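Every read-out reported here was derived from the displayed coordinates using simple, explicitly stated rules and does not represent laboratory data. What you are looking at is a predicted structure, and each value in this text was computed from that prediction instead of being measured. Note: ideal-geometry Cβ built from the backbone for every residue, glycine included; neighbour counts use all protein chains shown.
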There are 2 protein chains.
Amino acid sequence: MFDEYDKSYPIELVADFLGVNSRTLYYYERFSLVCPLRRGRKRYYSKADIRWLEYVRELMYDEGMNLRSIIILIRRRDNIILGKCPEDVVDCFKNYLMQISKERE
Amino acid sequence: MFDEYDKSYPIELVADFLGVNSRTLYYYERFSLVCPLRRGRKRYYSKADIRWLEYVRELMYDEGMNLRSIIILIRRRDNIILGKCPEDVVDCFKNYLMQISKERE
DNA sequence: ATAATTTTTTCACTTTAAACGAAAATTAAT
DNA sequence: ATTAATTTTCGTTTAAAGTGAAAAAATTAT
């Protein structure tokens, strides 16, 4: 429950779980799509990282989006959620995101 | 003023204006990114079509998005604006879209 | 310490989307 | 019917996404 953001899963395990080559995860990292903890040189991923990567794969493979678009998606969402836009827009947009993620289920 | 949606510009003119090959516009059409009027077999585009295509090019070339992502963007926006979600969310989202397009200028 | 294993990194290759060139096919115009 | 324009098809080019192989670096075991 509290280990959601605990970076403790090594890359090979994550790659196997997602069904991708570990090289692909290195590749994503170069685009800042994911940011594992580095202990020494080794990488460790959290459950949240893994679920995020699942979502990324879904957008890419089920929907056909490319990396750049996903990065834009993040940036825009961050702008909305962290940025300096009015409270009511933030609230509405949060609802919108919720709605979309529900539709996805 | 009323000619905004008047489909009267032939493909070659539109392609020249956008700086693309007309083949590219045929290509976009196969993805339903634009829908010119067919009189006989000839295609005619409106000013609104042209501005939409300018925006598409911008998303692709300045931002690096791919066609599929733009189609998703349309679909989602249509869901929000035309769909069955509450009025206030629609209004908020319209504002959001306005804001984004202003930031772009 | 050094040998063995694991992880990272680099290089090169494959595959696919996006776009374009050339030319054949179709349509319209005189 | 001949000419001109438009559409369509086919093949090629370019770049992104991903992978394989193996070198390089680091960690672990003996």
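Using Cβ counts within 10 Å as a stand-in for footprinting exposure, how do A:V34, B:V14 rank, fewest first?
Values: A:V34 17, B:V14 21.
With the fewest neighbours first, A:V34, B:V14 line up as A:V34, B:V14.
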query = Label-to-label distances across copies for B:F31, with labels 7 Å out along Cα→Cβ, in nm, shortest first?
reply = 1.5
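Just subtract the alpha-carbon distance of B:D16 and B:A48 from 0.36 nm times their residue separation and send over the number in nm, one decimal.
Numbers: separation 32, 0.36 × 32 = 11.52 nm, distance 1.63 nm.
Length difference between fully extended and current span is 9.9 nm.
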task = Collect residues whose amide H, placed 1.01 Å from N in the peptide plane, falls under 5 Å from the amide H of B:N66; neighbours closer than 5 in sequence don't count.
result = A:N66, A:S69
query = What are the distances, in nm and sorted shortest first, from the label point of B:Y5 to the label points of the same position in each other copy, with each label point placed 7 Å from Cα along the Cα-to-Cβ direction?
reply = 4.8
request  = Please go through segment A:20-58 and write out the chymotrypsin sites (Phe, Trp or Tyr not before Pro) that DSSP classes as loop and that have at most 11 other C-beta atoms within 10 Å.
outcome  = A:F31
message = Inside 10 Å of the C-beta atoms of A:60-71, what's the mean count of C-beta atoms belonging to other chains?
response = 4
ask   = Inter-copy label distances at B:D62, 7 Å along the Cα→beta-carbon direction, one decimal in nm, shortest first?
value = 3.2
request  = Evaluate the distance, in nm, between pseudo-label points positioned 7 Å from the Cα of A:E29 and of B:Y55 along their respective Cα→Cβ axes.
outcome  = 3.9 nm
